[in-house]
Amino acid sequence: MSFTLPELPYSHDALAPFMSRETLEYHHDKHHLAYVNNGNNLLKGTEWEGQSLEEIVKGSFGKNAGLFNNAGQHFNHLHFWNWMKPNGGGAIPSELEKKIIEDLGSVEKMKEDFIQAGVTQFGSGWNWLAVKDGKIVVMKTPNGESPLVHGASPILGCDVWEHSYYIDYRNRRPDYLKAFVENLVNWDYVAELYSKAV
Ligand SMILES: [Fe+2]
């Protein structure tokens, strides 16, 4: 298979004022496209050609840095667009909410820990909710890595590369993370991935 850039599941204006049209034009139309194009070029002639995206990401990790970085970021961004929606945040589907409270203490504690993971990810990377050994955990990873290459299944991720927030928030990464959690997260998609992960 080759990688393709999906359309955004909403218009470029739809997430404003929490994420602007300009950010989505750069982030989706240019940055994600570059991962797709570079990934396709680097995949050619490798042992992973013809495999699924998840197999390529897991297989190339630690073996082919160029391919991994681009395939990993393609995987992360495919989900990232769906982890947000206009008028996001708000109520968490009840089964997922119950599990969050069971594993992480409370919804407020989960949000606090998730934001803290993003704030403390030094340099570029991602912060996550993931399912590991049947439990929901908070994680952070550098660059294009994800829970997928650390024995866990990602159910929510926030991109803390500067290209995701610098136009709208400048250096205020904590404000971006707070807006992501309170106003952008598509909890229905998180619940869908959770049900597949357990
Ligand atoms: Fe990104």
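The values are calculated or read from the model by the stated rules, or taken from the named source; none is laboratory data. Small disclaimer: the values here were computed from a predicted structure and weren't measured. Neighbour counts run over all protein chains shown; Cβ positions are idealised from the backbone, glycine included. Side chains are part of the model used for accessible areas, which takes the heavy atoms of the whole protein and leaves out ligands, DNA and RNA. Shrake-Rupley method; radii C 1.70, N 1.55, O 1.52, S 1.80 Å.
The lysines whose alpha-carbon is closer than 19 Å to the alpha-carbon of LYS63, local same-chain residues fewer than 8 away aside, are LYS44.
Taking every protein chain into account, the 1.4 Å probe leaves THR120 with about 60 Å² of accessible area, to the nearest ten. Secondary-structure-derived ellipticity at 222 nm for the chain, considering helices only, amounts to -13500 deg cm²/dmol, per-run term -39500 (n - 2.57) for DSSP H runs with n ≥ 4.
Using the Karplus equation 6.51 cos²θ - 1.76 cosθ + 1.60 (θ = phi - 60°), what ³J(HN,Hα) coupling, rounded to whole Hz, does each residue of the stretch 15-25 give in order, writing x for Gly and Pro? Values, residue by residue: 9, 5, x, 7, 9, 7, 3, 4, 4, 5, 5 Hz. Globularity index of the stretch 1-96 is 1.24 (Cα radius of gyration / 2.2 N^0.38 Å, N = number of residues).
Computed from point charges on the beta carbon alone (+1 for Lys and Arg, -1 for Asp and Glu), the dipole magnitude for the stretch 94-197 about its Cα centre is near 200 Debye. By accessible area, using a 1.4 Å probe on protein heavy atoms only, the chain has 49% of its surface on carbon and sulfur. With all pairs of separate Cα atoms included, the chain yields a Kirkwood hydrodynamic radius of 17.0 Å. Projecting label points 7 angstrom from Cα along Cα→Cβ for VAL119 and LYS135 puts them 2.4 nm apart. Along the chain, the longest continuous region that contains none of the GluC sites (Glu not before Pro) in a DSSP loop with at most 15 other C-beta atoms within 10 Å is 50-198.
Of the trypsin sites (Lys or Arg not before Pro) found in the stretch 91-198, those in coil by DSSP whose Cβ has at most 12 other Cβ atoms within 10 Å are ARG170.
Annotation: extensible slack from ALA16 through HIS163 equals 51.3 nm (criterion: 0.36 nm per residue apart, minus Cα-Cα distance).
In plain terms, if you count all Cα to Cα distances in the stretch 94-197 and split them into 5 Å steps from zero, the share in each step is 2, 13, 24, 26, 19, 10, 4, 0 percent. Of the peptides 67-73, 9-15, the ranking by mean beta-carbon count within 10 Å, highest at the top, reads 67-73, 9-15.
Relative contact order of the chain, taken over Cα pairs closer than 8 Å and 6 or more residues apart, is 25 percent. With all protein chains kept in place, the per residue accessible area of the chain amounts to 46 square angstrom at a probe of 1.4 angstrom.
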